[in-house]
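See structure below.
The values are calculated or read from the model by the stated rules, or taken from the named source; none is laboratory data. Not measured: the values here are computed from a predicted model. Cβ placement follows ideal geometry from the backbone for every residue including glycine, while neighbour counts extend to all protein chains displayed. The protein model used for the area step is the full one, side chains on, heavy atoms only, and it has no ligands, DNA or RNA in it. Shrake-Rupley method; radii C 1.70, N 1.55, O 1.52, S 1.80 Å.
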Amino acid sequence: MLKAGVLGAGHLGKIHLRLLQQSEKYELVGFYDPFTENAQKVADEFGYKLFDSVEALINAVEVVDIVTPTLSHFDCAKQAIEKGKHIFIEKPITNTVLEAEAIRTLASQHHVRGQVGHVERFNPAFMAVKDLIDTPMFIETHRLAEFNPRGTDVPVVLDLMIHDIDIILSVVKSKVKSVHASGVSVISETPDIANARIEFENGCVANLTASRISMKNMRKSRFFQRDAYISVNFLEKKSEVVRMKDVPENPDEFAMILQNAEGVKKQIYYDNPEVVANNAILDELESFADAIKNNTTPIVSLRQGTEALRVAHQIIDCF
């Protein structure tokens, strides 16, 4: 079992603490949070060991789980890496791309592994179809949330849209060619709603919408590719695959058949892949433990976390 410690005991930090304690791959050593009153309350309520400084926690563990506000990610990660500790770091990886690049360089120099908490990669609805997403040429995503003051210290792009940016970059095997976007600040100092269009060198286009001032929650992505359409509902954890294949010689009488202007006929097949229920946060943490033990690249590497942040900032720079 890897000795792990958590930096940050806010809403998400408490979830990480609970799951690390449950995990058979980690031994939870303790946590640190600079807000003394909240930290003591968490320690008293759950019995976790409370450290009195970042340094003390880092020195006591092998893996540092950074669940602090984004502005402090760089400093926490730098301290951990320089002590030779592996880091799991919540998304976005850091506040700036320069900081993210510096973290990557440091991790390489100190031979430690790092994973970024893009948890939607572990969403069972996406896991069920990710291997079927092959050269998508148009992608549309909607990530809408009701207003929650937590997270409004950063633009909606870094708070919500970055999940979809990471998913898109993981399935489109091409470089970003151009980015166009617009955003509006409604009740926060930074944009609360944003739309972005990402064009890739291979011709793929992705259209992303994110809002944190919606009347209802929605987290949907649709992937269009040659002879197939794949829909992922991250919120309801459902997936749908619609395929078009050549019509067989003797089609079923209830078969759905389309014919284009050239007379080519295609039969439509609907499939709802089995979605295996999981705890996505536990899975991402345990996959990182596996990467450390097996000396393999984490599923969401520091490089991938950096690229998602780079595209997010390209979007923000359009506002």
Query raised in the report: Can you pull the percent of the chain's accessible area that's carbon plus sulfur, 1.4 Å probe, other chains left in place?
Result: 50
Query raised in the report: On average, how much accessible surface per residue is there in the chain, in Å², for a 1.4 Å probe, leaving out ligands, DNA and RNA?
Result: 49
Query raised in the report: Among Ser53, Ser239, Ser211, which one moves the most in a GNM of the chain with springs linking Cα atoms closer than 10 Å?
Result: Ser53
**Report entry** Residues Glu189 and Ser72, FRET efficiency given R0 of 30 Å [Cβ-Cβ distance, rounded to 0.05]
**Finding:** 0.95
Report summary line: Here Rg/Rh (Cα, Kirkwood) for region 63-170 equals 1.01
Query raised in the report: For the chain, modelled as a GNM with alpha-carbon contacts under 10 angstrom, which of Ser221, Ser178, Ser231 fluctuates the most?
Result: Ser178
**Report entry** chymotrypsin sites (Phe, Trp or Tyr not before Pro) within region 1-60, DSSP loop, no more than 12 other Cβ atoms inside 10 Å
**Finding:** Phe35
Requested in this report: May I ask for log10 I(q)/I(0) of the chain at q = 0.07, 0.10 Å⁻¹, from a Debye sum over the Cα atoms as equal point scatterers with solvent left out?
Outcome: -0.32, -0.62
Query - Most mobile of Val63, Val242, Val156 in a GNM of the chain (Cα contacts under 10 Å) - result: Val242
Query raised in the report: Evaluated at 37 °C with a viscosity of 0.692 mPa s, what Stokes-Einstein diffusion coefficient in µm²/s does region 19-80 have when Rh comes from the Kirkwood expression over alpha-carbon pairs?
Result: 265
Query raised in the report: At Asp153 and Asp134, where each label point lies 7 Å from the Cα along Cα→Cβ, what is the point-to-point distance in nanometres?
Result: 4.5
Report summary line: Cross-link reach from Lys25 to aspartates and glutamates, straight Cα distance under 13 Å and at least 8 residues apart if same chain, gives Glu62, Asp283, Glu284, Glu286, Asp290
Report task. Hand me the GluC sites (Glu not before Pro) from region 10-65 located in a DSSP loop with no more than 14 other Cβ atoms within 10 Å, in residue order please. Result -> Glu24
**Report entry** Sorted largest first, extent of region 155-252 alpha carbons per principal axis (Å)
**Finding:** 61, 33, 18
Query raised in the report: Which pairs in the list Lys78/Lys237; Lys41/Lys220; Lys83/Lys237; Lys49/Lys83 are over 32 Å apart, alpha-carbon to alpha-carbon?
Result: Lys78/Lys237; Lys41/Lys220; Lys83/Lys237
